[in-house]
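Student: First the structure, which I've put down as structure tokens, then a few questions once you've had a look.
The values are calculated or read from the model by the stated rules, or taken from the named source; none is laboratory data. All values reported here derive from a predicted model rather than from experimental measurement. Please note: Cβ atoms are built from the backbone with ideal geometry, for glycine as well, and neighbour counts cover all protein chains shown.
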Amino acid sequence: MIELFKHLFPLDFDWIVATYNTEIYVLLFLIIFVETGLVAMPFLPGDSLLFMAGLSARAGHLSLGYLFFLLFVAAVLGDNINYWIGRKIGVRIFDLKLKGKPLVKREYLDKTHVFFEKHGTKAIIMARFVPFVRTFAPFAAGIAEMSYKKYLLFDIVGGALWIGSLTTAGYLLGEVDFIRKHVDMVCLGIIFISVLPIIIGYFTSRKKV
């Protein structure tokens, strides 16, 4: 497990594919499921992982069709579990501690609430593309007791757009020579673009103080 994490965060996909072979589908499913389903795991790779999976499909190591189906199911299933955790447990989860420290930081939930207030219901879709926010959005929707039918509809659309766009982008751009030779740089760029809304939001809030 420790060895996996050593290769997961720098997204050493060659090592992951070679080590896990066909089991990589199960591994990717679990990573996406945990990142979207457990509020304590917002740090797992999401956007860049999907892009790299698509890139790997272009190289012939994975099936793009299997990837889309499995990861879409993982994303929607994870979000729905997260929603019901928020709805049934709510703010009590912030009382949980690990070695004296909060298991889940309340500030992430506060930022997600601001995101909801700014973008409304469509935030369920938009949150998919924002790290940390996508992990806390379903939890916040559950706490707010958003209509489950409405939540589920937007969640399914958001999940399909998120999984589909990033895996397809990786698959299509896998033909570009520059992309293949500078995968690390591309992943860093994806991460930067993903967290850009958070950075902008941070400095905007600072100016208002």
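Student: So for the stretch 48-61 (the condition being part of a loop (DSSP other than H, G, I, E, B), at pLDDT below 85 and within 17 Å of Arg128 (Cβ to Cβ)), does at least one residue qualify?
Tutor: Taking every residue of the stretch 48-61 in turn, none turns out to be part of a loop (DSSP other than H, G, I, E, B), at pLDDT below 85 and within 17 Å of Arg128 (Cβ to Cβ).
Student: While we're on this one: Residues in the stretch 45-55: is at least one of a type outside the set (Val, Ile, Thr), surrounded by 15 or more Cβ atoms within 10 Å (Cβ to Cβ), touching a residue at least 12 places away in the same chain (Cβ under 8 Å) and more than 29 Å from Leu152 (Cα to Cα)?
Tutor: Looking through the stretch 45-55, at least one residue is of a type outside the set (Val, Ile, Thr), surrounded by 15 or more Cβ atoms within 10 Å (Cβ to Cβ), touching a residue at least 12 places away in the same chain (Cβ under 8 Å) and more than 29 Å from Leu152 (Cα to Cα).
Student: So, Met185, is that one surrounded by fewer than 12 Cβ atoms within 10 Å (Cβ to Cβ), within 20 Å of the chain's Cα centre (by Cα) and either of a type in the set (Phe, Trp, Tyr) or at pLDDT 65 or above (or both) or not?
Tutor: Yes: the conditions hold for Met185.
Student: Here's a follow-up. I'm trying to understand the selection: among the residues of the stretch 115-153, which are surrounded by fewer than 13 Cβ atoms within 10 Å (Cβ to Cβ) and in contact (Cβ under 8 Å) with a residue 40 or more places away in the chain?
Tutor: If the condition is that a residue be surrounded by fewer than 13 Cβ atoms within 10 Å (Cβ to Cβ) and in contact (Cβ under 8 Å) with a residue 40 or more places away in the chain, then Glu145 is the only one that fits.
Student: Please go through the stretch 93-134 and pick out each residue that is outside any helix (DSSP H, G or I), charged (D, E, K, R) and over 28 Å from Leu49 (Cα atoms).
Tutor: Lys97, Lys99, Lys101
Student: Of all residues in the stretch 147-178 being farther than 19 Å from Phe33 by Cβ and charged (D, E, K, R), which is farthest from the chain's Cα centre (by Cα)?
Tutor: Among those residues, the one meeting the criterion is Asp177.
Student: Inside the stretch 62-92, can you point out the residues that are in a helix (DSSP H, G or I) and among the polar types (S, T, N, Q)?
Tutor: Listed by number, the residues that qualify are Asn80, Asn82.
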